[in-house]
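The structure's right below; bear with me while I get my questions together.
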Amino acid sequence: MLASLPLLVADLQLFPPAASAQAGPIDELYWFEVIVSAIMTVGIFLAVIFLAWKYRRRANVRATQIEGSTFLELSWSIIPFLVMLVMFWWGAKLFFAAQNPPKDAMEVFVTGKQWMWKVQYPDGTREINALHVPVGQPVKLTLASEDVIHSFSVPAFRVRHDVVPGHYDSLWFTATKPGRYRLYCTEYCGNQHASMGGWVDVLDDREYASWAGGGSHGSLAEQGQKLFEQNGCSTCHQLDQQGRCPILRGVYNKPVQLDDGRTVTADDSYLRESILDPNAKIVSGFQPNIMPNFKGQLSEEQVIQLIAYVKSLSPTTPASQQGVQQRPVVIAPQAKAPAVRPPQ
């Protein structure tokens, strides 16, 4: 055991490696707050010690009236207030950046379930407790839960997000260093919570192109199309002419007028709700109780496949989010053709 102690000490790290574009700015804010807190703490303790010594109780010394200092009172009020405003502005800037992934981000779907992470890629590939991403490519994760609250966390990327059942959450990152990094669930979700983890493999373009072999059952959108037809959705949702239900071609991320006068955007959450509870929001001009309720009949993975199919019907949706994954293209160097000697 003593012989393995140096190896254990070598593995101990105060912080995980910074392996994403988001990690640097987040670490800078963290260290700024640590330094400010340390300075304030040391300053307060030094002031307490000095004042306790200077105004200690002594014999034959009569107390005198000490008037306050307006300069000091304004200083210790305004300066900390300005420092807090800097922290607020800095944190708000990082927060809004974390909520707005690039439009060309590759979308991957992650579903939490006691006690595993199920991953679906746009090309149909599936994994459990494993995530493969290309280096330097923005990746947007759409998160869902099949049972209880989970929390998706990759410390090396400085990303973490609670996954709440009933709707979609999302986070994004850009991995900058090839390697293997730990994936955790950081919300207690049951008696096997500690085993709910996995690995994120960051690959360079050549390795990722070699790994991404495609799903054996077709892309995510193709799987969704099969479900669409198997469940009879094409009977009412006709693609090229008006049927009993709204036309789905081109509807994704477009405004939808409801019968109560409201206007909503047909994003992932709206499509999910419309599939599982179609009477929650009735489109203007259509009657309720036409579409059957699929809640409890479709899994979260199947709902994601149906949404991918609807996305594929909108040509303005980026290809990486239409259920067709754009893989890095690696062009091998062409071999020179052997010289051909003319006939003598």
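Taking the Cα centre of the chain as the origin and placing charges on Cβ (Lys, Arg +1; Asp, Glu -1), which of N293, S75, A156 is farthest toward the positive end of the dipole?
Most positive-ward Cα: S75.
Also: Working only with C-alpha atoms, what are the Rg and Dmax values of the range 110-222, expressed in angstrom?
When restricted to Cα atoms, the range 110-222 yields Rg and Dmax of 13.8, 40 Å.
Still on this structure, please answer the following. Just to be sure I understand, if you calculate semi-axes √(5λ) of the Cα gyration tensor in Å for this structure, which of (1) 34, 22, 19; (2) 28, 26, 17; (3) 51, 32, 21 do you get?
(3)
Just to be sure I understand: of the beta bridges DSSP finds with both ends in the chain, what percent are antiparallel, rounded to 5?
On the way: 32 of 44 bridges.
So the antiparallel bridges in the chain amount to around 75 percent.
Compute the relative contact order of the chain as a whole-number percentage, counting only Cα pairs closer than 8 Å that sit 6 or more residues apart in sequence.
Values: 541 pairs, mean separation 55.9, N = 344.
It comes to 16 percent, rounded to a whole number.
How big is the dipole moment of the range 220-321 about its Cα centre under a simple scheme where the beta carbon of each Lys and Arg is +1, that of each Asp and Glu is -1, and everything else is neutral? Debye, nearest 20, please.
On the way: 9 positive and 11 negative charges, 34 e Å.
Computed charge dipole of the range 220-321: roughly 160 debye.
What FRET efficiency, computed as 1/(1 + (r/R0)^6) with R0 = 25 Å and r the Cβ-Cβ distance, is obtained for W199 and D267, rounded to the nearest 0.05?
Numbers: r = 30 Å, r/R0 = 1.21.
For R0 = 25 Å, the calculated efficiency reads 0.25.
Right, next: Taking only the alpha carbons of the range 1-131, what extent do you get along each of the three principal axes, in Å, biggest first?
86, 51, 27
Largest first, please: the extent of the C-alpha atoms of the range 220-321 along each principal axis, to the nearest Å.
Answer, in whole Å and largest first: 33, 30, 25 Å.
Sort R272, R249 so that the residue with the fewest other Cβ atoms within 10 Å of its own Cβ comes first and the one with the most comes last. Numbers along the way, then the final one.
Working: R272 19, R249 15.
Ranked by crowding around the Cβ, least crowded first: R249, R272.
Given a 10 angstrom Cα cut-off, can you work out which residue in L306, L298, L171 is the most mobile in a GNM of the chain?
Of the options given, L298 has the highest mean-square fluctuation.
Run lengths n ≥ 4 of DSSP H only: what is the helix-derived mean residue ellipticity at 222 nm for the chain, with -39500 (n - 2.57) per run over all residues, to the nearest 500?
Numbers: 8 runs with 112 residues, N = 344.
Only helices count here, giving -10500 deg cm²/dmol.
Can you tell which of G232, L248, S274 lies farthest toward the positive end of the dipole of the range 220-321, using +1 and -1 charges on the Cβ of basic and acidic side chains (Lys, Arg; Asp, Glu)?
Positive-most Cα among the choices belongs to L248.
How far is the Cα center of the range 152-172 from the Cα center of the range 184-208, in Å?
Result: 11 Å between the Cα centres.
Taking the range 103-183, which trypsin sites (Lys or Arg not before Pro) meet the DSSP loop condition and have no more than 12 other C-beta atoms within 10 Å?
Working: sites: K103, K113, K118, R126, K140, R158, R160, R180, R182; in loops: K103, R158.
Those satisfying the criteria are K103.
Next question, about the same structure. Could you work out the relative contact order of the range 220-321, using alpha carbon pairs under 8 angstrom and six or more residues apart, expressed as a whole percent?
Numbers: 137 pairs, mean separation 36.6, N = 102.
The value is 36 percent.
While we're here: Explain nothing, just the number: dipole magnitude of the chain about its Cα centre with +1 on each Lys and Arg Cβ and -1 on each Asp and Glu Cβ, in debye rounded to the nearest 20. Walk me through the numbers on the way to the answer.
On the way: 29 positive and 30 negative charges, 176 e Å.
Rounded to the nearest 20 debye, it is 840 debye.
Where a ≥ b ≥ c are the square roots of the eigenvalues of the C-alpha gyration tensor, would you call the range 61-120 rounded, which needs a/c under 1.5, or, failing that, prolate if a/b is larger than b/c, or oblate?
Numbers: a/c = 11.75, a/b = 2.99, b/c = 3.93.
Since a/c reaches 1.5 but b/c is at least a/b, the shape of the range 61-120 is classed as oblate.
Under 29 Å from the Cα of K295, which lysines turn up, not counting those fewer than eight places away in the same chain?
Reachable lysines: K113, K118, K140, K226, K254, K281, K311.
I would also like to ask the following. Are there GluC sites (Glu not before Pro) in the range 60-136 that DSSP puts in a loop and that have at most 13 other Cβ atoms within 10 Å, and which ones? Kindly include the intermediate steps, with their values, before the conclusion.
Details: sites: E67, E73, E107, E127; in loops: E67.
Within the range 60-136, the qualifying GluC sites (Glu not before Pro) (loop, at most 13 other Cβ atoms within 10 Å) are E67.
Test of understanding: what is the full-extension gain from V148 to E33, defined as 0.36 nm times their sequence separation minus their Cα-Cα distance?
Result: 38.1 nm gained on full extension.
Here, each number is a calculation from the coordinates, and none is a lab measurement. Predicted model, so just to flag it, every value in this text is computed and none were measured. Cβ coordinates were reconstructed from backbone atoms using ideal geometry, including for glycine residues, and neighbour counts include every protein chain displayed.
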